[in-house]
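One structure is given below, encoded as structure tokens.
Where a number appears in this text, it was derived from the coordinates with a stated rule and is not lab data. Bear in mind that the values here come from a model prediction, so they are computed numbers and not experimental data. Cβ sites come from the backbone with ideal geometry, for glycine too, and all protein chains shown count toward neighbours.
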Amino acid sequence: MAAVKSKTVFVCQSCSAEVLRWQGQCPQCGEWNTLQEQRSFKASMNQRSGLQASLAPTSPEVVILGDVNAVESPRQQTGIQELDRVLGGGIVPGAVVLLGGDPGIGKSTLLLQSLAALVVNPSKLVPVLYVTGEESAQQVALRARRLGMQALPIPLLAETRLETILTVIEARRPLVVVIDSIQTMYTETLSSAPGSVAQVRECAATLTRMAKAYGISVILVGHVTKDGTLAGPRVLEHIVDTVLYFEGDTHSSFRLVRAIKNRFGAVNELGVFSMGESGLREVNNPSALFVSRHPQPVAGSAVMATLEGTRTLLVEIQALTDEAQTGPARRLSVGLESSRLSLLLAVLNRHVGVATGHSDVFVNAVGGVKITEPAADLALVLAVYSSLTNRPLPPNLVVFGEVGLSGEVRPVQRGQERLREAAKLGFKQAIVPMLNLPSKKSGKNTVIDGIELVGVDRVEEACEWIKQQ
Ligand code: TYD
Ligand code: MG
């Protein structure tokens, strides 16, 4: 053990400097409390035993890229279509997936349900292992009972010591392993507490090596702390193959699982679920969820078509402008980027001549969805314009387009798909960037899929069209 300790180094989380002894202040960058224990790479390779030793690299081998037999192994379906969709069509053997999200959002529930789907059919039973470090076996069994699946043969291991877990995996050779959660695991080769950056990173790195060596798919659960950094899954994002995040408003029953990084599929792919009395239910056609149907047209509401991976969603953007009562005018955005809001208010002022300097402006994407693509710009501008002028947009109007600083409306990708989705939901008119119109010859106003298209080049044209309705 003494030999292990002497090879331990402390790495500054701010400047990556390495020192041999812990101290409060980093000698290189001068930051306080940034030194974290980490085993030197050589030490971690030399000290491994059993399964870990077999994971250490043997003789190095250089291969010619063209000679590598790059056959894709078939993906393992998780039994939950929405999860398979976010993973890019199922889980790849040997892939390591990190499922992050706030505590209580439904990570354990989703994974238990998907393991249940893998063992439900005795003739196609996939060997799995559920390692729980957070809850006892009884607690997991209680959840399983609530989900109506207590009789299913899911192997469960309540353990937090990594070495024991590796021994069990070696003996059982499951194809899919769930580690719930990575923050509760610890390896004896480090003396720091479970949940520290060093422990989380070391445990995840060892599990990743194991996954690659044996072709076992591993799903790591990770909690996001409030700031999203401290010992949280952020330090793991570069180690793992796929990062999924659970999003959604804990007050509503909808839960979104989004792929932030995926070596085996599209990023930003979205899976939609709703949390009910008996667990998570898949929502296969979620487009209408994020649009509230108003009995009468209301000012300050615009519906946009947004792309989430391969999926098109219609989302209502709401804006409320009100005279600022005291102090400087407030800007608040929920589900949309606040820097984008300030920028678009400036565009509205300069190019349309509508000032918001003395008004509070609040904007919201309905349903707890987060939109980061600039295609939301035009809908946001029109929602604010509509609220300021107290002029509702026509019902059944959908809007998308990126707005530039000079007031130009730029085209967005996959405009046709967005329109098709809107047509399916009965939208009749669309304001779109001129360059998104199917062909230049078709003129400013064309009809596709039953939707009358209004092409615009500039924001003022879009506002003018609204004014004339
Ligand atoms: P959980 O899956 O334990 O969340 P996490 O692992 O991300 O911390 O639990 C999610 C929440 O969902 C919990 O507050 C209870 C609730 N829940 C339901 O509403 N219905 C159910 O069937 C289950 C199992 C949980
Ligand atoms: Mg949990």
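Taking 0.36 nm per residue of sequence separation and removing the Cα-Cα distance, the Val120/Leu405 pair yields an extension gain of 97.1 nm.
Label positions at Glu188 and Arg414, each projected 7 Å from the Cα along the C-beta direction, are separated by 5.0 nm. The spacing between the range 347-425 and the range 233-308, judged by their C-alpha centroids, is 20 Å. Which one of Ala151, His351, Ile448 has its Cα pushed farthest toward the positive end of the charge dipole of the chain, where Lys and Arg give +1 and Asp and Glu give -1 at the Cβ? The residue sitting most towards the positive pole is Ala151. With 0.36 nm allotted per residue and the present C-alpha distance subtracted, the Asn349-Val447 stretch has 32.1 nm of extension available.
Length gained on full extension, Ser338 to Trp22, computed as 0.36 nm times the residue gap minus the Cα-Cα distance: 109.7 nm.
The range 192-221 and the range 324-345 have their alpha-carbon centroids 41 Å apart. Dipole magnitude for the chain: computed about the Cα centre from +1 point charges on Lys and Arg Cβ and -1 point charges on Asp and Glu Cβ, it is near 520 debye. Cross-link list Lys107/Lys428; Lys124/Lys424; Lys261/Lys428; Lys212/Lys370; Lys107/Lys370: which exceed 31 angstrom alpha carbon to alpha carbon? The pairs that break the limit, which is 31 Å between Cα atoms, are Lys107/Lys428; Lys124/Lys424; Lys261/Lys428; Lys212/Lys370. Taking every C-alpha pair closer than 8 Å and separated by at least 6 residues, the mean separation divided by the residue count of the range 288-468 gives a relative contact order of 24 percent. Packing order of peptides 60-69, 133-142, highest average first: 133-142, 60-69 (average count of other Cβ atoms within 10 Å over each peptide's residues). Principal semi-axes of the equivalent ellipsoid, √(5λ) from the alpha carbon gyration tensor of the chain, are 48, 27, 21 Å from largest down. Annotation: amide H-H contacts under 5 Å for Leu157 (H modelled 1.01 Å from N, sequence separation of 5 or more, or interchain): Tyr130, Val131, Thr132. May I ask you to derive the FRET efficiency for Arg263 and Gln325 from their Cβ-Cβ distance with R0 = 30 Å, giving the value to the nearest 0.05? Calculated transfer efficiency: 0.05.
Per residue, the average separation of C-alpha pairs within less than 8 Å and at least 6 apart gives the chain a relative contact order of 11 percent. Considering only beta bridges that DSSP places wholly inside the range 288-468, some 60 percent are antiparallel. Counting only cysteine Cβ atoms and a cutoff under 4.7 Å, the chain contains unmatched residues Cys203, Cys463. For Val9, the residues whose amide H sits under 5 Å from its own are Gln38, Arg39, Ser40, ignoring neighbours fewer than 5 places away on the same chain, with H placed 1.01 Å from N.
When you filter the GluC sites (Glu not before Pro) in the range 266-308 for DSSP loop state and at most 10 other Cβ atoms inside 10 Å of their Cβ, you are left with Glu277. Counting only DSSP beta bridges with both residues in the chain, the antiparallel share comes to about 55 percent. When shorter helices are ignored and each DSSP H run of at least 4 residues is given -39500 (n - 2.57), the per-residue value for the chain at 222 nm works out to -7500 deg cm²/dmol. Note that the range 81-284 carries a Kirkwood radius of 16.9 Å, evaluated over its alpha carbons pair by pair. A cut-off of 5 Å between modelled amide H atoms, ignoring neighbours fewer than 5 places along the same chain, links Arg410 with Glu402, Val403, Gly404.
Axis of helix 197-214 versus longest Cα principal axis of the chain: the two differ by about 80°, to the nearest ten degrees. Taking a ≥ b ≥ c as the square roots of the Cα gyration tensor eigenvalues, the range 136-200 comes out oblate, since a/c reaches at least 1.5 and a/b does not exceed b/c. Simple spin-label estimate for Thr164 and Ala141 gives 1.7 nm between the two label positions (7 Å along the Cα-to-Cβ direction from each Cα).
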